[in-house]
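The values are calculated or read from the model by the stated rules, or taken from the named source; none is laboratory data. Remember, it's a predicted structure, so these values are computed and weren't measured experimentally. Cβ placement follows ideal geometry from the backbone for every residue including glycine, while neighbour counts extend to all protein chains displayed. Just so you know, the surface numbers come from the protein's heavy atoms only, side chains and all, with ligands and any DNA or RNA stripped out. Shrake-Rupley method; radii C 1.70, N 1.55, O 1.52, S 1.80 Å.
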Amino acid sequence: MRRRSPTDCIFITGASGGIGAALAIAYAAPGKMLILHGRDVTRLGELQRACEARGARVDLWVRDLADLDGLPEAVAELAGQYQIDLAVVNAGVTHHIGAGGEGESWADVEWLMAINARAAMATVSGLLPSMQRRGAGQIALVSSLSAWYGLALTPAYCASKAAIKAYGEALGGWLAPQGVEVAVVLPGFVMSAMSERFPGPRPWLMSADRAARIIRRGLERRRARIAFPLPLDLGMRCLSVLPAGLSRGVLTLLGYTRQ
């Protein structure tokens, strides 16, 4: 049986956001090395100081993930510099249809898909060679419960999260025999600047700290899928298997097809 290595070096993308920052704080402890990615230098600096106060060593990696040129190579260079035990691919943005029902512009769709889907895949591409050579490592891809069934208010966002869900599930089956573990994280509504922009109801809204505890516990238990909260997870799964017309009717009654 392959010996599991301790999670001593953790790479988190989107660390300046709600879940990412909460995870950084949750993992910060003596003996831990945190590599924190983000675009907001000020917020990352504040997070760095908070994590270092808890005894962790912290390096910052500031990059706009919408710029995909050279991203896999840059991540591979990072993975060569550090032995990354856990990578939380968490960076993401959101967008929604207009208040008058007008659709998302193509420029907005391209930008969202570049960060939420293509950049996530590019990050994994850069990480994998190092982990495969070692026969160890864990990757957590942060998707969303909206990956189960697309919401009319956020078409491109749901599509990007469905892509990450499928990608992570496929990676898990491919990489497990090589000793590299992949988890797909499907959160519901978590308090953050991004979730505040969601134009519909946000049932079972939880704090980022609570979400981070659930994710960390799931990763420590080596779960391939970490979905929460349970009532919303069950509801979204049901929508995915009901006849499409019935699912659409349920969402209309709940206020998810109009602002």
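Over the stretch 1-146, calculate the relative contact order: mean separation of alpha carbon pairs under 8 Å at least 6 apart, over the residue count, as a percent.
On the way: 239 pairs, mean separation 38.6, N = 146.
In percent, rounded to a whole number, it is 26.
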For this session: Work out the length of the dipole vector of the stretch 1-144 about its Cα centre, built from +1 on the beta-carbon of each Lys and Arg and -1 on the beta-carbon of each Asp and Glu, and round it to the nearest 20 debye.
Result: 940
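Mean shadow of the chain, computed from the convex hull of its alpha carbons, in nm²? Each step should come with its number before you reach the end.
Details: hull surface 55.0 nm².
Taking a quarter of the hull surface, the average projection is 13.7 nm².
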For this session: Over the chain, give the accessible area per residue in Å² for a 1.4 Å probe, as an integer.
Result: 46
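Relative contact order of the chain: what whole-number percent is it, with Cα pairs under 8 angstrom and at least 6 residues apart? Walk me through the intermediate numbers first.
On the way: 482 pairs, mean separation 48.4, N = 259.
Rounded, it is 19 percent for the chain.
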Exercise. What trypsin sites (Lys or Arg not before Pro) in the stretch 192-259 are in a loop by DSSP, with at most 11 other Cβ atoms within 10 Å of the Cβ?
Worked result: ARG221, ARG222
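What number, in nm² with one decimal, is the all-direction average of the projected area of the convex hull of the alpha-carbon atoms of the stretch 160-259?
On the way: hull surface 29.8 nm².
Quarter of the Cα hull surface area: 7.4 nm².
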Exercise. Based solely on its DSSP helices, what 222 nm [θ] is calculated for the chain when runs of n ≥ 4 H residues each add -39,500 (n - 2.57) and the sum is averaged over all residues, nearest 500 deg cm²/dmol?
Worked result: -14000 deg cm²/dmol
Exercise. Got a sec? Charge dipole of the stretch 103-173, +1 on Cβ for Lys and Arg, -1 for Asp and Glu; which of ILE164, GLN138, ALA107 is way out at the positive end?
Worked result: GLN138
For this session: Please work out the FRET efficiency for the pair GLU77 and ARG202, using the Cβ-Cβ distance as r and a Förster radius of 22 Å; give the result to the nearest 0.05.
Result: 0.05
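Taking the Cβ-Cβ separation of ARG57 and SER240 as r and a Förster radius of 35 Å, what is the calculated FRET efficiency to the nearest 0.05? Let's see the in-between values first.
Values: r = 42 Å, r/R0 = 1.20.
So, using R0 = 35 Å, E works out to roughly 0.25.
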Exercise. Given Cα pairs under 8 Å that are at least 6 residues apart, what percent is the relative contact order of the stretch 8-58?
Worked result: 41
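Tally up the carbon and sulfur contribution to the accessible surface of the stretch 1-129 as a whole percent, 1.4 Å probe, everything protein left in place. Could you put the intermediate results ahead of the total?
Numbers: 2970 of 5940 Å².
Here carbon and sulfur together make up 50 percent of the probe-accessible area.
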For this session: Would you mind listing how long the stretch 11-116 runs along its three principal axes, going by Cα atoms, in whole Å with the largest first?
Result: 51, 29, 21
Exercise. Counting Lys and Arg as +1 and Asp and Glu as -1, each charge on the Cβ, what is the dipole of the chain about the Cα centre in debye, to the nearest 20?
Worked result: 1120
Problem set entry | Mean Kyte hydropathy of 0.0 or more with a Cα span along the axis of at least 27 Å, helices from DSSP in the chain | 155-175
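Against the 2.2 N^0.38 Å scaling, with N counting residues, where does the stretch 42-180 land? I'd like the Cα-based Rg ratio to two decimal places.
Values: Rg = 16.8 Å, N = 139, 2.2 N^0.38 = 14.3 Å.
So the stretch 42-180 has a normalised radius of gyration of 1.17.
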Exercise. How much accessible surface does GLU110 have with a 1.4 Å probe, in Å² rounded to 10?
Worked result: 100
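So if the hydrodynamic radius of the stretch 135-195 is defined as the Kirkwood radius over C-alpha pairs, what does Stokes-Einstein give as its diffusion coefficient at 10 °C and 1.306 mPa s, in µm² per second? Present the calculation step by step, with values, prior to reporting the outcome.
Working: Rh = 12.4 Å.
The calculation lands on 128 µm²/s.
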Exercise. With charges set only on the Cβ (+1 for Lys and Arg, -1 for Asp and Glu), what does the dipole of the stretch 60-165 come to about its Cα centre, in debye to the nearest 20?
Worked result: 500
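Cα-based Rg of the stretch 109-157 per 2.2 N^0.38 Å, rounded to two decimals?
My calculation over the Cα atoms of the stretch 109-157 gives 1.45.
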